[in-house]
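S.K.: Have a look at this one before I ask anything.
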Amino acid sequence: MNSDEKQDCECAPPQAESTPAEEYDRSLEESDIENPEASRMKRAAAKHLIERYYHQLTEGCGNEACTNDFCASCPGFHRMDNNAAAVKALELYKMNAKLCDPHPSKKGTSSAYLENSAKGPHHNSACSDRKMNHRELHPETVYEILDICREKEDYSPLIRVIGRIFSSADGLVQSFRKAKQHTKEELKSLQAKDEDKDEDEKEKAACSATAMEEDSEASSSRTAEGASQGDSSNHKLGPDEVSVDIEAVRRVYNRLLSNEKIEAAFLNALVYLSPNVECDLTYHNVYSRDPNYLNLFIIVMENSNLHSPEYLEIALPLFCKAMSKLPLPALAKLVRLWSQYSAEQIRRMMETFQQLITYKVISNEFNSRNLVNDDDSVTAATKCLKIVYYANILGGDLDTEHNEDEDEEPPPESSELMLQELLGEERRNKKGPRVDPLETELGVKTIDCRRPLIPFEEFVNEPLNDVLEMDKDYTFFKVETENKFSFMTCPFILNAVTKNLGLYYDNRIRMYSERRITVLYSLVQGQQLNPYLRLKVRRDHIIDDALVRLEMIAMENPADLKKQLYVEFEGEQGVDEGGVSKEFFQLVVEEIFNPDIGMFTYDETTKLFWFNPSSFETEGQFTLIGIVLGLAIYNNCILDVHFPMVVYRKLMGKKGTFRDLADSHPVQYQSLKELLDYEGSVEDDMMITFQISQTDIFGNPLMYDLKENGDKIPVTNDNRREFVAQYAEYMLNKSVEKQFKAFRRGFHMVTNESPLKYLFRPEEIELLICGSRQNLDFQALEETTEYDGGYNRESRIIKDFWETVHSFPEEQKRLFLQFTTGTDRAPVGGLGKLKMIIAKNGPDTDRLPTSHTCFNVLLLPEYTTKEKLRERLLKAITYAKGFGML
């Protein structure tokens with residue numbers, strides 16, 4: 001090999017007395033005797049990796065700042081002779097050590113794909129992939145060779161063909177192309193040729209198989225003519241079209257994957273292919289030159305066996321690393337293509353990446369020193385899973401319309417902004433929360449999807465959540481460096497508990513930042529400013545006091561709302577360490593949602609509140625409840641608030657539609673559904689118009705035209721869908737527009753800079769504010785409960801107490817939670833996250849148990865019998881009402 005050829009080949013090692021690949025071949029000879037053809041490709045893939053390790057040890061990757069201890073380019077690397085490098089390369093292969101990517105400054109790093117496209121047919125190369133035959137593959141060819149192999153009971157020709165095509169980016173990109181659409185004249189010509197065609201197909205197939213097995217240098221790359229034809233075909237593709245025949249690929253896989261010998265060829269070829277593809281995408285920008293390069297990923301992902309254990313060790317991680325390097329337009333094109341797949345196909349791809357993540361997590365010991373964020377296989381698979389996630393959204397039931405209008409007056413900026421800039425600090429996310437680039441490229445958001453192809457919950461990976469160090473991950477999320485991956489950029493894979501922890505860190509850091517800025521501000525101004533959000537209120541005027549104080553803060557300096565809340569009740573000596581704030585929230589919510597005030601209406605059937613369209617209360621009071629909800633999230637408190645889901649969807653930017661009425665106004669929804677399903681004449685039988693009536697707070701009827709002159713427009717079979725849409729628009733949006741805008745403005749005053757909308761879906765926002773009604777695991781509550789005043793886990797009355805509580809039906813358990821904690825819902829993560837304390841409250845007595853809901857403390861006298869305990873406890877939770885009933 002001359003020096004030029006040596007530089008041009010990235011994987012050919014210098015001549016050594018004994019190459020590592022030869023040593024490895026000899027070590028496998030005995031195990032390969034029984035099944036030589038199936039193991040040939042395995043040896044070839046192993047040889048290729050060992051040669052790369054050898055080249056890395058002797059020549060390096062070309063990056064002078066390399067940090068890989070097993071690379072000659074690393075500054076601290078100790079040089080070794082060729083024989084020592086050969087032995088070390090074999091060791092590195094066995095331990096699956098890190099392989100450097102070839103640096104662009106290193107000569108000869110061009111990949112197989114680019115070289116085969118650029119060089120002539122007479123180019124000589126020592127790399128094994130350059131010797132492969134890079135012809136394209138078509139289903140008919142595969143079937144012909146397969147038939148011959150079955151007759152001869154020898155599959156080695158087909159295995160070699162698959163190995164060559166599927167290990168070559170060039171060959172795979174050109175394979176399985178869609179048939180060209182012929183003109184009428186061309187079709188007539190082809191029919192004439194078919195009539196004269198010789199029918200000896202088997203003989204031709206045999207010749208074809210023999211030809212494809214040849215390792216001739218003349219057929220090692222595409223001709224210039226073929227390349228020009230491929231380029232010209234690119235211009236015929238639409239922005240979302242692909243040139244690969246996906247159905248043909250599936251038929252081929254179905255025929256071949258049942259054979260274990262042939263499946264091994266796919267596996268080994270993928271190991272060989274992936275590093276070159278990664279290099280193509282990282283350094284050579286191949287997709288912009290040839291959009292057909294995406295065919296490679298489409299073809300490989302159709303392999304239904306990718307999730308099998310054989311692929312999880314090496315092949316699939318390498319392929320995920322390559323796929324994660326795709327540019328944004330290519331990712332969007334994949335999403336649009338896969339969104340047309342069925343739910344079963346989406347689930348198969350999702351499970352493929354999930355299994356790889358789970359396998360890597362459980363087979364490694366991740367902790368604060370060995371972060372899962374640093375595992376390339378896990379992070380690459382997560383990035384690939386994001387493609388499937390957005391395909392799941394795009395292929396689901398979408399509603400990209402019905403978006404809420406932005407606030408006319410955005411929350412005023414803090415007066416401290418100038419000070420921050422003066423001190424060299426800059427407030428992060430001035431333009432609001434971040435948006436995923438892929439989401440922007442696709443023009444679709446998670447909130448737009450009413451019903452995905454498969455449930456969102458299936459994308460959550462619990463083993464990953466268990467080992468994720470959220471404090472470190474949040475740091476990577478905020479810093480936004482290319483070197484560190486944050487799983488918060490892929491929130492679909494995180495459960496609500498993990499995301500809530502990330503939000504907690506964000507809130508606490510923001511509180512600390514506001515506190516620090518306030519201290520510096522006081523030094524500059526010479527004034528003593530409070531680093532906390534202090535609220536001093538009277539119990540009997542709690543709404544008026546809170547409203548006046550919060551309105552002043554919102555107008556003067558809304559940044560104060562992002563400080564830590566500190567509540568003080570006038571005339572009381574309580575120190576707010578969380579409990580007083582919780583009691584404040586409970587009192588405000590109880591007062592505002594009192595039906596007698598008239599701010600909200602209450603539905604006895606659904607047990608839900610809705611905005612009162614005829615309320616006499618000011619917009620400021622609706623702004624207050626929005627601020628309270630935002631502060632509850634910000635200060636990690638659960639509120640006893642019961643809104644329909646449409647409220648949280650509206651907070652996230654989506655208007656209410658007809659299907660939302662099922663949750664918020666079930667009676668009207670059922671009536672409208674019957675109207676849509678009615679088979680008779682709507683106009684003659686129902687006699688309704690586009691004018692509807694409602695009653696105000698005093699019971700007086702109010703008429704409203706859904707369209708101009710609506711009382712004169714009858715509802716017919718043709719326009720009934722329009723009537724239903726207009727009715728829902730009025731009920732959920734127009735009639736409460738003033739109240740809801742004030743409510744949303746208050747909520748955004750606290751959360752406008754938070755990653756809340758980026759991380760959470762509407763149902764998860766409800767979980768943050770109100771807790772969960774489903775996850776009532778009292779066994780977990782018992783395990784985490786603490787005891788005080790002389791009680792412990794082994795006390796007789798404590799054992800009787802838990803036996804009694806566990807025997808309660810569901811409704812009584814909810815009453816117990818309401819009595820003890822102030823809400824009948826579990827916090828994010830379940831009752832195990834609730835810190836409840838049971839304290840002794842004297843000896844046996846006829847007094848009822850009492851509670852301090854602000855601290856989740858139950859004061860329990862030491863009753864003498866289990867029956868008395870049950871009777872006293874049931875009476876307390878059933879009839880007790882109010883706070884501090886001692």
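S.K.: Only residues that are open to solvent by 40 Å² or more (accessible area, probe 1.4 Å) and either under 19 Å from H806 (Cβ atoms) or modelled with pLDDT of 90 or more (or both): list them for the range 876-886, please.
M.R.: T878
S.K.: Scanning the range 525-552 for residues that are open to solvent by 90 Å² or more (accessible area, probe 1.4 Å) and modelled with pLDDT under 80, which turns out nearest to S581 (Cα to Cα)?
M.R.: Q528
S.K.: Based on this model, can you work out whether R773 counts as over 18 Å from T601 (Cβ atoms), among the basic types (K, R) and at pLDDT 90 or above?
M.R.: Spelling it out, it is not the case that R773 is over 18 Å from T601 (Cβ atoms), among the basic types (K, R) and at pLDDT 90 or above.
S.K.: Let me ask another. Tell me, which helices (runs of 4 or more DSSP H) lie completely within the range 631-692 with 2 or more residues that are surrounded by fewer than 21 Cβ atoms within 10 Å (Cβ to Cβ)?
M.R.: 661-664, 666-677, 682-686
S.K.: Moving on to the next point. How many residues, within the range 653-684, are at pLDDT below 90 and of a type in the set (A, V, I, L, M, F, W, C)?
M.R.: Selection size over the range 653-684: 1.
S.K.: Name every residue in the range 357-389 that is assigned to a loop (DSSP other than H, G, I, E, B) and either in contact (Cβ under 8 Å) with a residue 40 or more places away in the chain or hydrophobic (A, V, I, L, M, F, W, C) (or both), in order of residue number.
M.R.: Across the range 357-389, the qualifying residues are F366, N367, S368, L371.
S.K.: In this structure, is L394 out of contact with any Phe, Trp or Tyr (no Cβ under 9 Å at 6 or more places or on another chain) and open to solvent by 10 Å² or more (accessible area, probe 1.4 Å)?
M.R.: In short, no.
S.K.: May I ask you to list pairs of residues, at least six apart or on different chains, whose Cβ atoms are under 6 Å apart, with the first in the range 240-264 being closer than 11 Å to V142 by Cβ and open to solvent by less than 90 Å² (accessible area, probe 1.4 Å) and the second being of a type in the set (A, V, I, L, M, F, W, C) and not in a helix (DSSP H, G or I)?
M.R.: So the pair list comes out as A248/F176; V249/F176.
S.K.: Of the numbered conditions (1) open to solvent by less than 30 Å² (accessible area, probe 1.4 Å); (2) at pLDDT below 80; (3) outside any helix (DSSP H, G or I), C66 satisfies every one except a single condition; which is it?
M.R.: So C66 meets the others, but not (2).
S.K.: Determine whether G842 is modelled with pLDDT under 90, under 22 Å from L874 (Cα atoms) and over 26 Å from the mean Cα position of the chain (by Cα).
M.R.: yes
S.K.: Restricting attention to the range 594-606, does a residue exist that is crowded, with 17+ Cβ neighbours inside 10 Å and at negative phi?
M.R.: Among the residues of the range 594-606, at least one is crowded, with 17+ Cβ neighbours inside 10 Å and at negative phi, which makes the answer yes.
S.K.: Report those helices (runs of 4 or more DSSP H) wholly inside the range 743-819 carrying at least 2 residues which are within 24 Å of the chain's Cα centre (by Cα) and not aromatic (F, W, Y).
M.R.: Output list reads 756-759, 762-770.
S.K.: Only residues in the range 316-337 that are free of Cβ contacts under 8 Å to residues at least 60 places away in the same chain count as the first member; pair them with residues that are of a type in the set (S, T, Y) and open to solvent by 10 Å² or more (accessible area, probe 1.4 Å), Cβ under 6 angstrom, at least 6 apart or cross-chain, and list the lot.
M.R.: That search, which allows pairs on different chains as well, returns K325/T282; P327/Y287; A330/Y287.
S.K.: Under 9 Å by Cβ, and 6 or more places apart or on different chains, what pairs join a residue from the range 670-691 that is within 16 Å of L706 (Cβ to Cβ) and in contact (Cβ under 8 Å) with a residue 24 or more places away in the chain with one that is among the β-branched types (V, I, T) and assigned to a helix (DSSP H, G or I)?
M.R.: If the second residue must be among the β-branched types (V, I, T) and assigned to a helix (DSSP H, G or I), the pairs left are L672/V724; L675/V682; L675/V724; L676/V724; I688/V682.
S.K.: Let me ask something additional. Please go through the range 693-720 and give me each residue that is part of a loop (DSSP other than H, G, I, E, B) and either touching a Pro at 6+ places or on another chain (Cβ under 8 Å) or open to solvent by 70 Å² or more (accessible area, probe 1.4 Å) (or both), ordered by number.
M.R.: If the condition is that a residue be part of a loop (DSSP other than H, G, I, E, B) and either touching a Pro at 6+ places or on another chain (Cβ under 8 Å) or open to solvent by 70 Å² or more (accessible area, probe 1.4 Å) (or both), then I697, F698, N700, E708, N709, D718 are the ones that fit.
S.K.: Can I ask one more? Let me confirm something: among T864, T823, which residue is among the polar types (S, T, N, Q) and surrounded by fewer than 17 Cβ atoms within 10 Å (Cβ to Cβ)?
M.R.: T864
S.K.: Another one. Being of a type outside the set (D, E, K, R), more than 14 Å from the chain's Cα centre (by Cα) and crowded, with 16+ Cβ neighbours inside 10 Å narrows it down to one of L494, L438, L453, so name that one.
M.R.: L453
S.K.: Still on this structure, I have one more. What about Q354, is it of a type outside the set (D, E, K, R) and surrounded by fewer than 22 Cβ atoms within 10 Å (Cβ to Cβ)?
M.R.: No.
S.K.: Out of (1) modelled with pLDDT of 80 or more; (2) surrounded by 14 or more Cβ atoms within 10 Å (Cβ to Cβ); (3) part of a helix (DSSP H, G or I), what's the single condition that is false for Y512?
M.R.: All conditions are met except number (2).
S.K.: What tally of residues in the range 832-851 results from selecting those that are open to solvent by 60 Å² or more (accessible area, probe 1.4 Å) and assigned to a strand (DSSP E or B)?
M.R.: The total comes to 1.
The values are calculated or read from the model by the stated rules, or taken from the named source; none is laboratory data. Computed from a prediction, not measured in an experiment: that's the story for all the values here. Heads up, the Cβs are rebuilt from the backbone with ideal geometry, glycines too, and the neighbour counts pull from every protein chain shown. Areas reflect the complete protein model, heavy atoms only, side chains present, ligands, DNA and RNA absent. Shrake-Rupley method; radii C 1.70, N 1.55, O 1.52, S 1.80 Å.
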